[in-house]
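Peer 1: Provided herewith is a single structure, encoded as structure tokens, for subsequent inquiry.
The values are calculated or read from the model by the stated rules, or taken from the named source; none is laboratory data. Since the structure is predicted, the reported quantities are computational estimates derived from the model, not experimental observations. Methodologically, a virtual Cβ is constructed for each residue, glycine included, from the backbone with ideal geometry; neighbour enumeration extends over all protein chains shown. SASA here: full protein model, heavy atoms, side chains in, ligands and nucleic acids out. Shrake-Rupley method; radii C 1.70, N 1.55, O 1.52, S 1.80 Å.
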Amino acid sequence: MSAGRETRARFLRTTGQHASIEPDAFTEGSYVLSIGGAEQSHVNLVRPEEIFYEYLRRIGHLVDLEAPAGEPVRALHLGAGALTLARYIQATRPGSVQYAVELERELLDFVLRQLPLPEGTDLRTVTGDARESLARLDQELRFDVVILDIFSGPEAPAHLACSAFYREIRDRLSPGGVLIVNVGDEPGLTLVRSQVAAMREAMADVAAFAEAGMFEGRHPGNVILTGTQIPWPRDWTAKLTALGPHPAKVLAGLDLDPFAG
């Protein structure tokens, strides 16, 4: 990042908000991206394989189960943020080919200038709406992992929070590839429930992974949904629960039914 420890800021024309990047006062070599005054991403430039935010660590664990560390993958990030997961994939799987789609052109430019990617990262950036951008990508491209990290509250874009979009993503997955969706939701988990139902219409199986208390629907937070093209691997439930962050809980099959609508 630029010399010094002062905050850097950039106006985002699409949403009319300001993005800022400032050093993490507690972890040397780490920075926090905020948008509209709310923290959005945390990046450790020195150790990109270490993920600070819990929900992103859970997504990292799912990537690890999909493809063993050291094995390059082809990944698509719908919603770029500070590219924390793209940095993680590069650090743990050198040689991976990645694409990142972000609605805000200024945000991508700002992040890449202030927080450069690790040397050797093969990342192609695309500016635009997630669904429209997916349709514009080379139709021959297939992805081992698609990470959708756009939903940040109960009001989600209808053209993205639907089974039709999930089917379009499914059609771009490689055999065995997975779709990982971060759903930020309010108490009651209305959006989580609708997205479980929508994903079940598109994918062979769906599982939910979160801090155990999230499934009680009493407080806001993040639930990670994973769509697979085969029945949910039973051993993944035990592995994810053990990996945490703790307390962790995974719901799949009949256990997920109460959240399917």
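Peer 1: From the Cα gyration tensor of the stretch 1-93, with a ≥ b ≥ c the square roots of its eigenvalues, which class applies: rounded if a/c is under 1.5, or else prolate if a/b is larger than b/c, or else oblate?
Peer 2: prolate
Peer 1: Can you give me the Cα centroid spacing of the stretch 167-195 and the stretch 241-261 in angstrom?
Peer 2: When both Cα centres are located, 14 Å separates them.
Peer 1: If all Cα-Cα distances of the chain are sorted into 10 Å bins from 0 onward, what percent lands in each bin, rounded to whole numbers?
Peer 2: 7, 31, 39, 20, 3, 0
Peer 1: Something else about it: Can you list residues from other chains, or at least 5 along the same chain, whose modelled amide H is less than 5 Å from the amide H of Asp205?
Peer 2: Thr228, Ile230
Peer 1: If you wrap the stretch 165-205's Cα atoms in a convex hull and average its projection over all directions, what's the area in nm²?
Peer 2: Answer in nm², one decimal: 3.0.
Peer 1: For Gln40, what residues show an amide H to amide H distance below 5 Å, using hydrogens built from the backbone and excluding near sequence neighbours?
Peer 2: Leu33, Ser34, Ile35
Peer 1: Let me ask something additional. Test of understanding: what is the full-extension gain from Leu137 to Asp235, defined as 0.36 nm times their sequence separation minus their Cα-Cα distance?
Peer 2: Computed gain between Leu137 and Asp235 is 31.9 nm.
Peer 1: Also, I was wondering about something else. Which residue, Leu134, Leu103, Leu243, has the most motion in a Gaussian network model of the chain that connects Cα atoms within less than 10 Å?
Peer 2: Leu243
Peer 1: Hey, what number do you get for the chain at 222 nm if only DSSP H runs of n ≥ 4 count, each worth -39500 (n - 2.57), divided across all residues, to the nearest 500?
Peer 2: -8000 deg cm²/dmol
Peer 1: Turning to a different aspect of this structure: Cα gyration tensor of the stretch 50-162, axes a ≥ b ≥ c as square roots of the eigenvalues: rounded (a/c below 1.5), prolate (a/b > b/c) or oblate?
Peer 2: rounded
Peer 1: Quick one: what Rg and Dmax do you get for the stretch 150-261 from the alpha carbons, in Å?
Peer 2: Computed over the Cα atoms of the stretch 150-261, radius of gyration and Dmax are 13.1, 37 Å.
Peer 1: For Glu119 and Ala69, what does the FRET efficiency come to when R0 = 25 Å and r is the distance between their Cβ atoms, rounded to the nearest 0.05?
Peer 2: For R0 = 25 Å, the calculated efficiency reads 0.85.
Peer 1: For the stretch 140-201, with equal point scatterers placed on the C-alpha atoms only and solvent neglected, what are the log10 I(q)/I(0) values from the Debye formula at q = 0.15 1/Å, to two decimals?
Peer 2: -0.45
Peer 1: Using a probe of 1.4 angstrom, how much of the accessible area of the stretch 123-163 is carbon and sulfur, in percent?
Peer 2: 45 percent
Peer 1: Out of the DSSP beta bridges found with both residues in the stretch 115-261, what percent are antiparallel (nearest 5)?
Peer 2: 75 percent
Peer 1: If one computes the Cα centroid of the stretch 78-132 and of the stretch 5-62, what distance in Å separates the two points?
Peer 2: 13 Å
Peer 1: Restricting to DSSP loop positions (anything but H, G, I, E, B) with no more than 16 other Cβ atoms inside 10 Å of their own Cβ, which trypsin sites (Lys or Arg not before Pro) remain in the stretch 155-261?
Peer 2: Arg218
Peer 1: Assign one of three labels to the stretch 106-174, namely rounded, prolate or oblate, based on the Cα gyration tensor with a ≥ b ≥ c the square roots of its eigenvalues; rounded applies when a/c is under 1.5, prolate when it is not and a/b is larger than b/c, and oblate otherwise.
Peer 2: Cα axes put the stretch 106-174 in the oblate bin.
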